[in-house]
1. Give the lysines whose C-alpha is closer than 17 Å to that of A:LYS177, dropping any in the same chain fewer than 8 places away, or say none.
2. For the stretch A:46-148, give the magnitude of the charge dipole about the Cα centre (Cβ charges: +1 Lys/Arg, -1 Asp/Glu; no others), in debye to the nearest 20.
3. Take every Cα pair under 8 Å in chain A that's 6+ residues apart, average their separations, divide by the length, and report that relative contact order as a whole percent.
4. Quick one: pull the percent of accessible area on the stretch A:94-209 belonging to carbon and sulfur, 1.4 Å probe, ligands and nucleic acids left out.
5. Take the alpha-carbon centre of the stretch A:131-178, take the same for the stretch A:209-257, and report the distance between them in whole Å.
6. With unit charges on the beta carbon (Lys/Arg positive, Asp/Glu negative), name the residue among A:PRO284, A:THR190, A:THR254 whose Cα is farthest towards the positive pole of the charge dipole of the stretch A:189-292.
7. Once Lys and Arg get +1 and Asp and Glu get -1 on their Cβ, which of A:LEU82, B:LEU38, A:TRP39 lies farthest toward the positive end of the dipole of the protein assembly as shown?
8. What is the sum of charges, Lys and Arg at +1 and Asp and Glu at -1, for the other residues whose Cβ falls under 13 Å from the Cβ of A:CYS268?
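The values are calculated or read from the model by the stated rules, or taken from the named source; none is laboratory data. Because the structure is a prediction, the values reported are computed rather than measured. Methodologically, a virtual Cβ is constructed for each residue, glycine included, from the backbone with ideal geometry; neighbour enumeration extends over all protein chains shown. The accessibility values were calculated without ligands, DNA or RNA, using every heavy atom of the protein model including side chains. Shrake-Rupley method; radii C 1.70, N 1.55, O 1.52, S 1.80 Å.
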Amino acid sequence: MVTRAAARPVASRRAASLSRGATVAALVVALAGAAGATWAGVRAWAARTARDAARAALAAEARKVDAARRAQGAVDDTLRTLLAVGAPPSGRPVIVVSLADNRLRVLQDGEELYATRIASGSGRTLVGGGGATRYKFDTPRGRLTVLSKETSPKWAPPDWHYVEKAGKKGLGLLRLKPGQAIPVAGGVITTRGRDVVKRTADGHTVPLRASDGREIVVGGRIVIPPGGYNQRRYPEVLGTHRLNLGDGYALHGTNAPSSIGRSVSHGCVRLRNEDIETLYRMIPVGTAVYIY
Amino acid sequence: MSTRPVVLALVAAGLAGGAAVPWLLARERAWLAEAAALRGQAAPAQATLDSLVGLTDSVRRRLVTARVRAASRGEPSLHLELQRDSGVLVLLRDGIELRRMRAVLLGEAPSPGVRTLATLVEQLPDSSPVVDTLGRSIRDSARAPRTVDRVRLDDGTELVPTDATALLLPSAATGDTLAVAPPRRAITLAARDLRAIRPNLVTGMKVYTW
């Protein structure tokens, strides 16, 4: 028979055993819960880290794209500015002359408005004054400007014209000074006003006539009239119009259209009369003329 | 001391941890999905960036050529402009194209930039045979060097008329050999073009290449 006093320790031991079991079970549950939470937490942390890294990488990419877009925009702007450089002045024609091709073109904003053939300087050298003077018949290369325009221009032959004529005809030269009198048969050759005249013995004066190829000849010498005199002004030689380029050079017409297309002039640019008339209408004073 | 509160606390913590596992796993899935979506967005961004960088490189190259072109077009003095891609050589002044010429590049093309004309006329020892009035070969120890008209840039590129290529080859028929070495690289032009621009060329003249 179990006494009450003896049963108490047994119950107590059972209770204690149960208490330990519950504690162990609780600890197992707690450990399992903690382990599961740790495992899931680590996975979640790794996923969040990966998400954050992806977000940072995307933001960095976006910044690079923005920077590249800005750089490209700046480059495009610069490119547009650079590509706009160098256009010729808008709305103004320019004349371009090729001496090798004997060709003249009128350009405006890169477009060819007009083109035609010309005659240009022969490149010959004429020796005068017993070898002391040399005349080179070149058309000047470079940039010139149309300084003035005129219709029915008269040609004032330079000295080389008389040197050339005298050489061709085997004659000498005689330079007439204003007021000078050169004795000739039946009177003298002298000047009056802006004319070279013949004054006869009875005092009668007759203006002499001179033109290209029909110069005044006295005693086997070609007379060179003073500059600005009417006998040194030849009509028709320069055609119907002239565009002056300075230093005696010009674009002008001609009375010898067969010379066009060849290098035969004394330095001017010679055109057919219909061409120089067109240029006269088309080209304003101040237009640049590029000769190469 | 009773262990019951501690045990209860551990059980509660364990249960709470266990209960958090599904939430944590759900968060993991969500974050992984978000990361994948972000990476998906990064791919087109990278492609955009690659194309922009590529474009910028190509634009940068265009910029270099545009800079040279702009400098050429803004140059007031007479000069040449070599347009490599279109095979064109232009004589220019004040931005006005005086003459536009077809040009074929032989050898390595000059890089974009500004060059100058370095050589226009070159003196060479004369190696051609000398004959007397009867056609007999004679020796002449005091012969002046020949001058040869050569237009050459400072990088060695030479302007050559297209019909001069025959001159660059030795002639077996005449036995005459050319004392001039053929250029390593050359810009060939129609002979009439070179004739037309030749009197305008001076040493030091700029040649813009783009």
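1. Straight-line reach from A:LYS177, under 17 Å: A:LYS198.
2. Dipole magnitude for the stretch A:46-148 comes out near 240 debye.
3. Taking the mean separation of contacting Cα pairs over the length of chain A, I get 22 percent.
4. After summing per-atom areas, the C and S share lands at 49 percent.
5. For the stretch A:131-178 versus the stretch A:209-257, the Cα centre distance is 8 Å.
6. A:THR190
7. So the residue furthest toward the plus end is A:TRP39.
8. The answer is 0.
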